[in-house]
Amino acid sequence: MEPTHAFTLDGREEAPNLGTDLDTRSRYKVGHELGRGGMGEVVSAHDPALNRELAMKLLQADHLGDTVMRRRFREESLIHGQI
């Protein structure tokens, strides 16, 4: 699975057309895969602006055209951002 879509913790879209050069096209330095499921993939990442490690969930490419999945993905990111 190639990560292609991500949201920041406040629900804003982050680099909507991410590809294999993910770590150079966003503010985050992406590390290794932590897990994957039906909706997407979770990778480790580093936020140099805040100097902290985090987990970043990326939406699968085949869900990009599915408005229901995109909405669920965004809602989930907003919920996780409140924790």
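The values are calculated or read from the model by the stated rules, or taken from the named source; none is laboratory data. Since we're looking at a predicted model, the values are computed, not measured. Backbone-built Cβ (ideal geometry, glycine too); neighbour counts: all protein chains shown.
If a residue must be among the small types (Gly, Ala, Ser), surrounded by 15 or more Cβ atoms within 10 Å (Cβ to Cβ) and not in a strand (DSSP E or B), how many such residues does the range 44-66 contain? I'd like the intermediate steps shown before the answer.
In the first step, residues of the range 44-66 are kept if they are among the small types (Gly, Ala, Ser); the result is 44-45, 49, 55, 61, 65.
Retained after the next criterion (residues that are surrounded by 15 or more Cβ atoms within 10 Å (Cβ to Cβ)): 44-45, 61.
After this cut, where a residue has to be not in a strand (DSSP E or B) as well, the list is 61.
Residues meeting the conditions: 1.
Among the conditions (1) in contact with a strand residue (DSSP E or B) (Cβ under 9 Å, 6 or more places away or on another chain); (2) assigned to a helix (DSSP H, G or I); (3) modelled with pLDDT under 85, the only one that Thr24 does not satisfy is (1).
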